[in-house]
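Engineer: Please see the structure below; I have some questions.
The values are calculated or read from the model by the stated rules, or taken from the named source; none is laboratory data. Treat the numbers as computed from the prediction; the structure is a model and nothing was measured. As a convention, Cβ positions derive from the backbone with ideal geometry for all residues, glycine included, and neighbour counts pool all protein chains shown. Just the protein is used for accessible areas: all its heavy atoms, side chains included, with ligands, DNA and RNA removed. Shrake-Rupley method; radii C 1.70, N 1.55, O 1.52, S 1.80 Å.
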Amino acid sequence: MSVSEPTKVVAIIAANTALSSLLAMVVAGDSHLKVRQFESDIELIAYMRIAPLDMLVCDFDRDGRPAYEMVESIRLNNDLISQDVPVIALTRTITPPMRHQAISAGIDEVIIKPMSPRHLLQRIQARLRTRSVVGVLGGYRGPDRRNRAPLPKPYPVPTRRATDNVIPLFPDRRKPRHPGLEG
């Protein structure tokens, strides 16, 4: 490991211990990532009070408090070291209300299960490279946190292949939203 690339800490809280262990094993295969597994959001929050996280992987399908509520509580808890941690959520299905809840809570990306654990690793690596946390500008500010210009109606839905398992929550920020204003 080079001096320029410090080890990043990834927390995993999945639907069950077997899935957590499998995901942790694959993610830990990257020598630049250190994995912490949690069985409950209480354990996760306790850890986040004393140590920083670089990425959180959580599961909508686990028992207990829904993933979006857990992430929202993290975003609003000023006692946590990594309040602005990027979040990837896993789910078997996504509904329009769930999509809205994910956006409102500050979840950066949703991946549909079943997925390859290597795909999850690639998404974690990509998000850590860009360190693009949704709307974290001086702290979490709720659903309107992105301060973006109003989108023209109707909003164009990106085309998806039936085999895609990443649900984009936000438009691609690399493409200019307003042609001619690239500056």
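Engineer: Given a 1.4 angstrom probe, what's the average accessible area per residue across the stretch 8-135, in square angstrom?
Structural biologist: Result: 44 Å² per residue.
Engineer: Right, another one. Within a Cβ distance under 11 Å of ILE88, other residues only, what is the Lys/Arg minus Asp/Glu net charge?
Structural biologist: Cβ neighbours under 11 Å give a net charge of -1.
Engineer: Tell me the carbon and sulfur percent of the accessible area for the stretch 8-135, rounded to whole percent, probe radius 1.4 Å.
Structural biologist: Heavy-atom surface of the stretch 8-135 belonging to carbon and sulfur, 1.4 Å probe: 53 percent.
Engineer: Here's another thing I want to ask about it. Where the centroid of each part is defined by its Cα atoms, how far is the stretch 11-32 from the stretch 74-110 in Å?
Structural biologist: Between the Cα centres of the stretch 11-32 and the stretch 74-110 lies a distance of 18 Å.
Engineer: Please compute the Kirkwood hydrodynamic radius over the stretch 1-78, one decimal place, Å, based on all pairs of different Cα atoms.
Structural biologist: Computed over Cα pairs of the stretch 1-78, the Kirkwood hydrodynamic radius comes out at 13.2 Å.
Engineer: So how do 114-122, 8-16 stack up, highest first, on mean other-Cβ count within 10 Å?
Structural biologist: Answer by packing, highest mean first, reads 8-16, 114-122.
Engineer: If you wrap the stretch 1-134's Cα atoms in a convex hull and average its projection over all directions, what's the area in nm²?
Structural biologist: The Cα convex hull of the stretch 1-134, projected and averaged over all directions, gives 7.6 nm².
Engineer: Sequence-distant or interchain residues sharing an amide H contact under 5 Å with LEU169, placed H: which?
Structural biologist: VAL110
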